[in-house]
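Here the structure comes first, spelled out in structure tokens, and everything after it is commentary.
The values are calculated or read from the model by the stated rules, or taken from the named source; none is laboratory data. Just so we're clear, the structure is a prediction, and the values are computed from it rather than from any experiment. Cβ placement follows ideal geometry from the backbone for every residue including glycine, while neighbour counts extend to all protein chains displayed. Surface accessibility is based on the protein's heavy atoms, side chains included, excluding ligands, DNA and RNA. Shrake-Rupley method; radii C 1.70, N 1.55, O 1.52, S 1.80 Å.
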Amino acid sequence: EPSAAALASQNDGAMGTQEDTRVMVVDFGGGTLDVSMVEMFDNIVEIHSIAGDNHLGGHDFDTVIQSWFIQDVGLEESRLSDIAKGSILRAAEECKQQLSQSSSGEADMSVNIGEKEYHAVLTEDILTKISSDILRRFREVITKAVADSGFSFRQDDPDSYINEIRLFGGSSK
């Protein structure tokens, strides 16, 4: 998918106009992470490496937010019904989306369970902390893709420097 995105972006001119461009294309959607390292020159797109994790995506953020919320508001997960857990998971996804669009760096999360409303505020710092395993796995995929391609983030290496990073998929926000 990220390779197709790179090709489509090249065809519509979205990848820029540099003669020789190295691009990291990241497709981080709901259920998977895919990274392609591509080089574009003279209307040619060459894929140098592909890496991914078929079990890493936006849903993983939803579940860590769900667990954080349950703990933060003092609920016991083992005592929650499947319906209550589902409500919390839906609210977690909405909260994640709200946070990705927030200029304040925080999002409110509220869930009614039985006769009681539970409320918590998720910040970018909290999300970073509770998502450390997700971010570690994300970093491993990026590191593998870069290493396999021979590209570099070092600006003092113009022959292999990554000029652009293109993000696709909702979880990339």
Among (1) open to solvent by less than 20 Å² (accessible area, probe 1.4 Å); (2) modelled with pLDDT under 65; (3) not small (G, A, S) - the single one R22 does not satisfy:
(2)
Options E140, E117, E76, E94; residue that is out of contact with any Gly (no Cβ under 7 Å at 6 or more places or on another chain), acidic (D, E), under 30 Å from E39 (Cβ atoms) and surrounded by fewer than 18 Cβ atoms within 10 Å (Cβ to Cβ):
E140
Within region 141-169, how many residues are without any contact (Cβ under 8 Å) to a residue 40 or more places away in the chain and under 30 Å from L99 (Cβ atoms)?
2
When restricted to I50, I83, the only residue free of Cβ contacts under 8 Å to residues at least 24 places away in the same chain and either open to solvent by 50 Å² or more (accessible area, probe 1.4 Å) or within 17 Å of F28 (Cβ to Cβ) (or both) is I83
Among the residues of region 60-72, are any farther than 22 Å from G170 by Cβ and open to solvent by less than 70 Å² (accessible area, probe 1.4 Å)?
yes
What is the one condition in (1) at pLDDT below 95; (2) over 18 Å from the mean Cα position of the chain (by Cα); (3) among the hydroxyl-bearing types (S, T, Y) that S87 does not satisfy?
(1)
